[in-house]
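Colleague: The structure's right below; bear with me while I get my questions together.
A short reminder: the numbers here are calculations on the coordinates, not readings from a lab. Remember, it's a predicted structure, so these values are computed and weren't measured experimentally. Here the Cβ positions follow ideal geometry from the backbone for every residue, glycine too, while neighbour counts run over all protein chains shown.
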Amino acid sequence: METMSQIKKIERKVKKLQHVVLKETGVTCVAHPTKILAICNAGLVNGLTEEIIVENFKKYGNVNKVCLVPGKSCSFVSYRDLESATMAYNCFNGKLNIAQENKPVYLSFVENLVDFEEEKSWSILPEGLVVLEDFISEKDEETLLELCNFDESCGSMKNRQVKHYGYEFRYDINNVDKDKPLKEKIPMECDFLWTKLNETYFKGFVPNQLTINHYMPGQGIPHHIDTHSAFEDPIMSLSLNSSVIMDFKCDKKHFCVFLPRRSLAIMSGEARYNWTHGITPRKFDVIKSQIGFNTLQRETRVSFTFRRVLQGNCTCRYPFKCDSYAKNNEDKCIEEKVAADLEKTHVHDVYENIANHFSDTRHKPWPNVLEFVQGFQLGSLLVDVGCGNGKYLGHNKNIYEMGCDTSLGLLEVCKNRNFNIFNANCLNIPLKNNIADACISIAVIHHLANDERRLMALKEMARVLTVGGRCLIYVWAKDQKKDNEKSSYIKQDRKNRKAENIEINKNEEEITISENIKLPVHTNRTQFKHKDVLVPWKLKSTEENKQTFLREVVWAEKAVEIRPLETSMHSVFLDFGDFKHRFVAAKARVSLR
Ligand SMILES: O=C(O)CCC(=O)C(=O)O
Ligand SMILES: [Fe+2]
Ligand SMILES: [Zn+2]
């Protein structure tokens, strides 16, 4: 029994900690019983884990949610009913010892649970993953387990033991030595698996590489994608002696997949190439069923992972996850320093030099952009990223507008026209998050020299946009013909208007940008032949002082290689449609994730 003074002491302690919970998470503690408990002084930073919480709190009822807050020393657990939560509260508050520091935890009721973690799912499988339960009998399991005596000859990893057959998988280079097959091939005892598999829709899979992983309870394997260039599709993994939860992750998705003992997991397509898989090192797994969370004790697990070594390059559809793609495109991609220098010389400096002349040629706003700008309501804020001479500012008297550009010369023109402007690069817009209702960027991001920088510019625009805000982006189109119709860019050339098909046989000039990058010089008013080019700008000064500046332009084709953005609040969908003038329009719809 607790004495009165002990009770008072716990109460004082909890009072203090309730403020900490509020400050750290924004969650308010309440005095009356609820279904949700805050564990006020233990969380991820004290080594508390989901399975420890479930393991302890399930004693008093069905736990239906556990929430650990990244970087904080508090956590939450919720029950299906009030009685269980009250019972846990009464029995554990000030008494239960679950965090590392051997101090009792203090509890409090809370009204609402905020989700701090990525959403996990226990019931969905990633596309391309198949789990065949009871794939082998207990007898077969025994036979296979006898094959692998883990002794000194096996590689011992930090978290598990491994043994390879057919080819060695080298963890130092994350690949196999393709020209050094091992003497020891996949044991014949495994052959029955492929006969069995022929009864399913994975006919004809014959592996030539086997990795046996041996995990003690508490051990695991870090998240990874099996190197694309090392193995073909599919990859198969047989679970022996213990079930386990294997975590599959892709973007913000996190699926906890239960691999029962004696099941065969087959990863192909998305699951093989685009999702990571891994096993969290722990002694229990947290399982979610219809009634709530539970834990399952792990036994020693032995997995047989069967694969086919890939000859040649990977040709998957997932370039961003593919080592073959990265390797083959290494020298094509313009690295950061070169990219920044290129933009300085062939974009920023050029616009400074041609500012006034450029401005004189830019009066007529394009109708699509006008329509977009004029569609915003009273009081909306519009940001024009790369506003040039302010051609799109001042067309909607109901809205507040700001323009930014790198060219001081062009900003000077805007200033004289009384527009609100500031000097900034689209890669770094000096505005707060989530403030602009509208954003336009007309013929700007194709001047950025590589994919990363174009993506960065889009992320910046998404960042300053309010949730639900809208953005209109135009970039150059490589193809200047559509349905046999020439764009006005080509038509504006007199020669082109007369003759239908003019081949330009002129030798192309190339400018050296860096050691391994040369950019071709484009002939104005002709169909573009390359993705990255320098576009000449002829300054009409005095005849003897004629000057040509080369502006760097990268194609729409490249600029649109953009996936949904991983910013915290927005995703951007680009849908390139309108073919107008020399540009392709991208209407970026920004919405809440
Ligand atoms: O243990 C398993 O089932 C998977 C092993 C694995 O992912 C690997 O060796 O690459
Ligand atoms: Fe793997
Ligand atoms: Zn690949």
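Colleague: Could you pull out which residues in the stretch 1-24 have an amide N less than 13 Å from a spot 7 Å beyond the Cα of Val45, following the Cα-Cβ vector?
Modeller: Residues 20-24 qualify, since their backbone N sits under 13 Å from the label point.
Colleague: Would you mind checking Lys139/Lys183; Lys23/Lys72; Lys23/Lys249; Lys459/Lys486 for any pair whose Cα atoms are more than 21 angstrom apart? Intermediate values should be presented prior to the final figure.
Modeller: Numbers: Lys139/Lys183 28 Å; Lys23/Lys72 11 Å; Lys23/Lys249 31 Å; Lys459/Lys486 33 Å.
Over 21 Å apart, Cα to Cα: Lys139/Lys183; Lys23/Lys249; Lys459/Lys486.
Colleague: Follow-up. Check which residues have an amide H placed less than 5 Å from Leu96's amide H, if you skip close sequence neighbours.
Modeller: Val105
Colleague: Still on this structure, please answer the following. Residues with amide H under 5 Å of Ala424's amide H, sequence separation 5 or more or different chain, H placed in the peptide plane at 1.01 Å from N; which?
Modeller: Result for Ala424 returns Asp405, Thr406.
Colleague: Tell me, in nm to one decimal, what length is gained between Leu370 and Arg80 on full extension, where the rule is 0.36 nm per residue of separation less the Cα-Cα distance?
Modeller: Working: separation 290, 0.36 × 290 = 104.40 nm, distance 5.50 nm.
Difference between extended and current length: 98.9 nm.
Colleague: What's the magnitude of the charge dipole for the stretch 266-369 around its Cα centre, counting Lys and Arg as +1 and Asp and Glu as -1 at the beta-carbon? Answer in Debye, nearest 20. Working shown, then result.
Modeller: Values: 16 positive and 13 negative charges, 197 e Å.
That gives a dipole near 940 debye.
Colleague: Give the order of Thr512, Thr28, Thr406 when sorted by the count of other beta carbons within 10 angstrom, beginning with the fewest.
Modeller: On the way: Thr512 9, Thr28 13, Thr406 21.
In increasing order of surrounding Cβ atoms, one gets Thr512, Thr28, Thr406.
Colleague: Could I ask something else about it? 5 Å is the cut-off here: which amide hydrogens, built 1.01 Å from N in the peptide plane, fall below it relative to Val444, excluding neighbours closer than 5 in sequence?
Modeller: Residues meeting the amide H criterion: Tyr474.
Colleague: Under 8 Å for C-alpha pairs, at least 6 residues apart: give me the relative contact order for the stretch 121-328, rounded to a whole percent.
Modeller: Numbers: 434 pairs, mean separation 60.5, N = 208.
The value is 29 percent.
Colleague: Another question, if that's okay. Can you tally the net charge around Phe304? Count Lys and Arg as +1, Asp and Glu as -1, for every other residue whose Cβ sits under 13 Å from the Cβ of Phe304. Please report the intermediate quantities before stating the final value.
Modeller: Numbers: positive: Lys163, Arg261, Arg262, Arg301, Arg307; negative: Asp140, Glu141, Glu146, Glu189, Asp191.
Combined, the nearby Lys, Arg, Asp and Glu give 0.
Colleague: Also, I was wondering about something else. Extending each Cα 7 Å along its Cβ direction at Asn102 and Asp323, get the distance between those two points in nm, one decimal.
Modeller: The two pseudo-label positions are separated by 4.5 nm.
Colleague: Okay, moving on. Could you compute the FRET efficiency for Lys65 and Lys9, with r as their C-beta to C-beta distance and R0 at 25 Å, rounded to 0.05?
Modeller: Details: r = 30 Å, r/R0 = 1.20.
The value I calculate is 0.25.
Colleague: Taking square-rooted eigenvalues a ≥ b ≥ c of the alpha carbon gyration tensor, is the stretch 4-117 rounded, prolate or oblate, where a/c under 1.5 means rounded and, failing that, a/b exceeding b/c means prolate? Don't skip to the end; give the middle numbers.
Modeller: Numbers: a/c = 1.19, a/b = 1.07, b/c = 1.11.
Rounded, because the longest to shortest axis ratio a/c is under 1.5.
Colleague: Just to be sure I understand the model, the point goes 7 Å from the Cα along the line to the Cβ. What's the resulting Asn524 to Leu408 distance in nm?
Modeller: Output for this residue pair reads 2.7 nm.
Colleague: With the cut-off at 1.5 for a/c, could you classify the stretch 268-422 from its C-alpha gyration tensor as rounded, prolate or oblate? Don't skip to the answer; put the middle values down first.
Modeller: Details: a/c = 3.73, a/b = 2.01, b/c = 1.86.
Verdict is prolate for the stretch 268-422.
Colleague: Give me the number: length gained by fully extending Asn484 to Thr28, i.e. 0.36 nm times residue separation minus the C-alpha to C-alpha distance, one decimal in nm. Walk me through the numbers before you get to the answer.
Modeller: Numbers: separation 456, 0.36 × 456 = 164.16 nm, distance 6.48 nm.
Stretched fully, the Asn484-Thr28 segment lengthens by 157.7 nm.
Colleague: Also, quick follow-up: Sort Arg282, Arg272 by Cβ crowding within 10 Å, fewest neighbours at the top.
Modeller: Details: Arg282 19, Arg272 24.
Fewest to most other Cβ atoms nearby, the residues stand as Arg282, Arg272.
Colleague: For the stretch 4-117, what is the relative contact order in percent, using Cα pairs closer than 8 Å and at least 6 residues apart in sequence?
Modeller: That works out to 35 percent.
Colleague: Could I ask something else about it? Between Gln290 and Leu378, what length in nm is gained on full extension when 0.36 nm per residue of separation is reduced by their alpha carbon distance? The partial results should precede the final answer.
Modeller: Working: separation 88, 0.36 × 88 = 31.68 nm, distance 5.02 nm.
Full extension of this stretch gives 26.7 nm more.
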